[in-house]
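The structure appears right after this line, and notes come after that.
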Amino acid sequence: MSDGSEAYAWLIAILLLPFPFLAVMALLYSLALRKRLTECCTATDELNCQADSQRAEAKACKACLQESHASHDKLTREFHHRVKNSLQIIQSYLTLSRRQRPPPHNSYLAEAEAKVQVISTAYRLALSEGIMSPIPIRTFVLDIVANAQAILCGSTRKISASIEPNSLLVLDRAIPMGLAIIEAIIGAIGAESVMHIGIRLQPTESGEMALTVTIDDMFATIALPFRLMAGLQAQLEAHAEPCAEDELLSWRFKV
């Protein structure tokens, strides 16, 4: 209670001196009110201290979480960069081994090299800005086609690509898409009559992307590895469409 309130209470008590009972009651009320206000002030101070302590703890926790998040991001980037570098080393090793081995061993190494190069290219594009980002499909597929042309086909066969537009795809789905394209190319070049392989990626009216692999010999008998292709299709979250006579692969997927 403030000094003015106490003075007012004492004044009331003095005025009530002719009435002793009322004077005593006024003084007792004044003392009780003072005690109650003191308790309230103490409780308020304690609550303020607790609030300050909680704010300090929350600030410390936030700083700790930010530091942990930054450390996690740094470790994740370092891990992906190490994976990318390791894939490039494996790819270089396969390239050197393929060039030093005679047929048919070099063809097996060429297939392995083409598949590793898909994963290596995907990581390189995903980390092009220093952080893990979605991959531009057009750039990715054109790189795959160029590498497959050099590694698998040479100058005897032609691989062409038509991709529109340059949509984005996350790493975990881009890799199975690239591997499916390589498997289709490997299957196509297994038929001696196939001289041209076409890769098409274009949007459909339903908003999906249509992936098709075509060959120039519609009578060629080509069997792609069923279980392997089914696994890649599931990872890409794609669904198969009936193939036309000149199509070796026809998938639809959302981006």
Going through (1) buried (at least 21 other Cβ atoms within 10 Å of the Cβ); (2) within 22 Å of residue 88 (Cβ to Cβ); (3) among the hydroxyl-bearing types (Ser, Thr, Tyr) one by one, residue 139 fails only at (1)
The listed residue being over 27 Å from residue 131 (Cα atoms) and modelled with pLDDT under 70, out of 27, 33, 37: 27
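Residues checked against (1) more than 22 Å from the chain's Cα centre (by Cα); (2) surrounded by fewer than 21 Cβ atoms within 10 Å (Cβ to Cβ); (3) farther than 18 Å from residue 145 by Cβ; (4) not basic (Lys, Arg):
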{"residue": "173", "(1), (2), (3), (4)": "no, yes, yes, no"}
{"residue": "185", "(1), (2), (3), (4)": "yes, no, no, yes"}
{"residue": "188", "(1), (2), (3), (4)": "yes, no, no, yes"}
{"residue": "217", "(1), (2), (3), (4)": "yes, yes, yes, yes"}
{"residue": "225", "(1), (2), (3), (4)": "yes, yes, yes, yes"}
{"residue": "229", "(1), (2), (3), (4)": "yes, yes, yes, yes"}
{"residue": "233", "(1), (2), (3), (4)": "no, yes, yes, yes"}
{"residue": "252", "(1), (2), (3), (4)": "no, yes, yes, no"}
Could you list, in sequence order, the residues of the stretch 69-100 that are charged (D, E, K, R), modelled with pLDDT of 80 or more and surrounded by 13 or more Cβ atoms within 10 Å (Cβ to Cβ)? 98
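The values are calculated or read from the model by the stated rules, or taken from the named source; none is laboratory data. Since the structure is predicted, the reported quantities are computational estimates derived from the model, not experimental observations. Using ideal geometry, Cβ is built from the backbone for each residue, glycine included, and neighbour counts are taken over all protein chains shown.
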